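The values are calculated or read from the model by the stated rules, or taken from the named source; none is laboratory data. Please read these numbers as outputs of a predicted model, since none were measured by experiment. Neighbour counts are summed over all protein chains in view; Cβ atoms, including those assigned to glycine, are modelled from backbone coordinates with ideal geometry. Just the protein is used for accessible areas: all its heavy atoms, side chains included, with ligands, DNA and RNA removed. Shrake-Rupley method; radii C 1.70, N 1.55, O 1.52, S 1.80 Å.
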Amino acid sequence: MEYRADQVPMNPGVYPYQGQQQVQSTVITMAPNMPPIRDHLPWSIFNFFYMNCCCLGFVALVFSVKSRDRKTVGDVEGSRQYGSTARTLNIVATVLSVLFILLIIVLAIAGVFRVAQAVHQTPNYSGYPKGWN
């Protein structure tokens, strides 16, 4: 049996003999190396539930979902813009929430020291005017 040029198998060292099946190959066309489009959805969900300062976590979640929708439609540029906005909102929400938590901790520590200082400086006063006790 003679093989034509368009029938030559991919592996030139192996030719189909009687009883063997010929393997067909599939060609996949791939796009050039592009960085993946980030929609920051997990970070937005975390900020929505735990660090939703001024509703920025909710707004970031909305932009992340829009970015994911644009990505599934095929609008790469729109997806990048929505993803960039979601990232910025997530950064602002995280920073504001962490600063708020640190402020609460500092105020609580300062309050404890102030109360302790006031307790130690208070004289033993019974509440009656001088001379009545």
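Things to note:
- Residue match in segment 52-67 (condition: of a type in the set (D, E, K, R) and at pLDDT below 95): no
- If the condition is being open to solvent by less than 90 Å² (accessible area, probe 1.4 Å) and hydroxyl-bearing (S, T, Y), then segment 58-103 contributes S64, S67, S79, Y82, S84, T85, T88, T94, S97.
- Pairs meeting the criteria (first residue in segment 97-113 and under 18 Å from F46 (Cβ atoms) and in contact (Cβ under 8 Å) with a residue 40 or more places away in the chain, second residue open to solvent by less than 80 Å² (accessible area, probe 1.4 Å) and not small (G, A, S), beta carbons under 7 Å, at least 6 apart or on different chains) are S97/M51; S97/C53; F100/C53.
- Test: residue in segment 64-83 that is closer than 17 Å to F49 by Cβ and assigned to a helix (DSSP H, G or I): yes
- The residues in segment 85-114 that are aromatic (F, W, Y) and touching a helix residue (DSSP H, G or I) at 6+ places or on another chain (Cβ under 6 Å) can be counted, and the count is 0.
- Selection over segment 34-57 of residues that are under 30 Å from I101 (Cβ atoms) and open to solvent by 40 Å² or more (accessible area, probe 1.4 Å) gives a count of 11.
- Among residues that are in contact with a Cys (Cβ under 9 Å, 6 or more places away or on another chain), of a type in the set (A, V, I, L, M, F, W, C) and either assigned to a loop (DSSP other than H, G, I, E, B) or at pLDDT 70 or above (or both), F113 is not included.
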